[in-house]
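Asker: One structure is given below, represented as structure tokens, and several questions about it will come after.
Computed from the coordinates by the stated procedures, all read-outs in this text should not be read as laboratory data. Nothing here was measured: the structure is a model prediction, and the numbers come from that model. Virtual Cβ from ideal backbone geometry, glycine too; neighbours counted across all protein chains shown.
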Amino acid sequence: MPQAAAVAERSPVSTGRQPAGSDFAPLLRTVKEQGLLDRRIGWYTRTVAINALALAAVGVGMFLLGTSWWVLLLAPVLSVLCARTAFIGHDAGHSQISGNRTVGRVMGLIHGNLLLGMSSAWWNDKHNRHHANPNHIEKDPDVAADVLVWTSKQAKVRVGFRRWLTRNQAWLFFPLTLLQGVAMKVYGFQDLRRQAPRERVVEGLLLVAHLVGYVTLLLTAMPLGHAVAFAAIHQALFGLHLGLAFAPNHKGMEMPDPDGERWGHLRRQVLTSRNIRGSLATDWFLGGLNYQIEHHLFPSMPRPHLRLAQPLVRAHCASLGMPYTEAGFVDSYRQVLRHMYEVGEPLRVE
């Protein structure tokens, strides 16, 4: 489990309005009593097995259709399955699948490094810091100024090409997510320099194994032109799918003042997170991340229990008079894009 998230889950803290522990502790107690933190080994075993079989089936299909341009129809299917793989790796990193740290590490290496070419060590380090301080401009890497920015203060200091990006970032957001799949591979290789020697060797070898295996699969299953087109479609749609899953969770939500009151766990996680309303299809497509509030409050909670915990969390927030934010699937992206547009507004009126 990401360590910061684990500490938060074990340490009831306040929203700043009542003594420490008084706001979160009753909710945590209820969730534990209902067994919602108990792991679902059977559910995850089926999920991993079905995903592996589906990936294998697509691989077979690539060889059967490789000489025809019809093979490109499998690229979107593979992108969806790769997103499923990423969700499994995410859950493993949070100890949702197993409480054994070694098992979680191995599953993260298989589903992240080997199958996706995405460093699990890089992801866990970044994700730990995000969970510990979501939307904190100085501590959450997900809102650090990079290609995109998330506050007016970040926007004001942009110059050159980055200034143009910020000015138009709302329009460029979804096109940029098409590059996210490739970018995450690059970040993984760059992160090897940060890692301890032993970890670096394991992570690096698996990242290289993925790259070699992916290229070999494409070039042996189909002609070069087909392979290039297949890889472009697959990686672009994979990045878009991840963007659709992660973008609406926090963007445009409250951002703690670095110099202001220190927020407790409940307030820090609830006020900075947005849930996405929907059906079981939404749960599947977004990998359970549509229950972002519940996931942040209880990061080790198995994915199928998030839906069950939602009424408890919503009622608890209502009893405290604390906002609990939910939005429809389309409206959530509208809110994110509106926030990005407003952040870049000063640069468009100069």
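Asker: With a 10 Å cut-off between alpha carbons and a GNM built on the chain, which of Gly104, Gly239, Gly66 moves the most?
Answerer: Top of the fluctuation ranking is Gly66.
Asker: Another question, then. Just the Cα atoms of the stretch 245-335, one point each, no solvent: what log10 I(q)/I(0) does Debye give at q = 0.13, 0.18, 0.22 Å⁻¹?
Answerer: Those come out to -0.41, -0.78, -1.14, one per q.
Asker: I would also like to ask the following. Taking every pair of alpha-carbon atoms in the stretch 194-302, give the share separated by more than 21 Å as a whole percent.
Answerer: Percentage above 21 Å: 61.
Asker: So, one more: Where is the GNM fluctuation largest for the chain (alpha-carbon springs, 10 angstrom cutoff): Asp140, Asp191, Asp259?
Answerer: Among Asp140, Asp191, Asp259, the largest GNM mean-square fluctuation belongs to Asp259.
Asker: Under a Cβ-only charge scheme (Lys and Arg +1, Asp and Glu -1), can you give me the dipole magnitude of the chain about the Cα centre, in debye to the nearest 20?
Answerer: In total the dipole reaches around 200 debye.
Asker: If each DSSP helix of 4+ residues adds -39,500 (n - 2.57) and the sum is divided by the residues in the chain, what number results at 222 nm, nearest 500 deg cm²/dmol?
Answerer: Calculated at 222 nm, the ellipticity per residue is -20000 deg cm²/dmol.
Asker: What percentage of all Cα-Cα pairs in the stretch 201-241 are separated by more than 12 Å?
Answerer: The share of Cα pairs beyond 12 Å in the stretch 201-241 comes to 63 percent.
Asker: For the stretch 295-350, what is the per residue volume of the convex hull drawn over the alpha-carbon atoms, in cubic angstrom?
Answerer: Dividing the Cα hull volume of the stretch 295-350 by its residue count gives 123 Å³.
Asker: Number of Lys pairs in the chain with C-alpha atoms less than 29 angstrom apart, excluding same-chain neighbours closer than eight positions?
Answerer: 13
Asker: Once the convex hull of the alpha carbons of the chain is built, what does its volume come to per residue, in cubic angstrom?
Answerer: 148
Asker: With unit charges on the beta carbon (Lys/Arg positive, Asp/Glu negative), name the residue among Pro311, Trp69, Val48 whose Cα is farthest towards the positive pole of the charge dipole of the chain.
Answerer: Value computed over the given set: Val48.
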